[in-house]
Amino acid sequence: MEQRPYVIDVMISAKAIAAKIEELSREITKEFGDTDKLVVVGLLRGSFVFIADLVRDLDLPIEVDFLEASSYGDGMESSREVRILKDLRGAIEGRDVLVVEDIVDTGHTLAHVTKLLQSRNPARLKTIALLDKPSRREADFKADWIGFSIPDEFVVGYGIDFAQRNRNLPFIGKVRFTEDS
Ligand code: 5GP
Ligand code: MG
Ligand code: MG
């Protein structure tokens, strides 16, 4: 597929992300400071950079697991149908669980995933997302912690892709097309 030419404008710098993660990890360490049963669950693939930085700031005994749910394909449109492409390796019954997501957009993904995980009877289930687009919400979902609230823009970087590219950018950027189609 031929990609229309675009540039990426910095929206949130690597430094601002690191400062935010330090702040969030202090709150999470406080919330889960009383447990040795915490499983940190990353939603593949967009959260892989965020979860890597976040867990290294957590002063807690944790396990890490991953789950992959389908949302966007390779395009820029959200889909309301959520499917589990890869389930957790471990059981979470009686465990404390922190679900780590890159972006809450319509909210369908996290609404579906948290409902599924809740049905497995964890002791405690919390969610954190680096980014939130509140103006796009369709499902009734609210994360327990949010890094940054952003406007309705298509973003990339820091684990987040556009057609599978740009995940390795150290900052969050905004895609801007340089030609009319
Ligand atoms: P939701 O189910 O909340 O609509 O979708 C959440 C998922 O949509 C996110 O985990 C992310 O994969 C994708 N998404 C939402 N907004 C963006 C965006 O601006 N850029 C990219 N690359 N993916 C996004
Ligand atoms: Mg995602
Ligand atoms: Mg994606």
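Just so it is clear, none of the values below were taken in a lab; they were calculated from the coordinates. Only a predicted model underlies this, so the values are computations on that prediction, with no experimental measurement involved. For neighbour counting, all protein chains shown are included, and Cβ atoms are generated from backbone atoms with ideal geometry for every residue, glycine included.
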Exercise for review: Round to a whole angstrom and tell me the spacing of the C-alpha centers of region 124-138 and region 6-29.
Suggested key: 15 Å
Revision key, fill the gap. When 179, 23 are ranked with the fewest other C-beta atoms within 10 Å first, the list becomes 179, 23
Review point. Quick one: Cα centre-to-centre distance for region 88-105 and region 36-73, in angstrom?
Key: 7 Å
Exercise for review: Taking all pairs of distinct Cα atoms, average 1/r, flip it, and tell me the Kirkwood hydrodynamic radius of the chain in Å to one decimal place.
Suggested key: 16.8 Å
Check your understanding: Just from its helices, what would the mean residue ellipticity at 222 nm be for the chain, if runs of 4 or more DSSP H residues each count -39500 (n - 2.57) and the sum is divided by every residue, rounded to the nearest 500 deg cm²/dmol?
Key -> -6500 deg cm²/dmol
Review point. What is the spread of the Cα atoms of region 1-67 along each of their three principal axes, largest first, in whole Å?
Key: 51, 26, 14
Exercise for review: Within 10 Å of each residue's Cβ, count the other Cβ atoms and sort 155, 82, 49 from fewest upward.
Suggested key: 82, 49, 155
Review point. With charges only on Cβ, +1 for K and R and -1 for D and E, what is the dipole size of region 93-135 about its Cα centre, in debye, rounded to 20?
Key: 200 debye
Review point. In which sequence would 50, 177, 141 go, from the one with the fewest C-beta neighbours within 10 Å to the one with the most?
Key: 177, 141, 50
**Study point:** Around residue 89: net Lys/Arg minus Asp/Glu count, Cβ-Cβ under 15 Å
**Key:** -2
Check your understanding: Among the listed pairs 37/133; 20/126; 15/37; 115/174; 15/115; 30/142, which are separated by more than 27 Å between their Cα atoms?
Key -> 37/133; 15/37; 115/174; 15/115
Practice item. Could you tell me which of 88, 70, 54 has its Cα farthest along the dipole of the chain towards the positive end, charges placed at Cβ (Lys, Arg +1; Asp, Glu -1), taken about the Cα centre? Key: 88
**Study point:** Radius 12 Å from Cβ of residue 23, net charge of other residues (Lys, Arg +1; Asp, Glu -1)
**Key:** 0
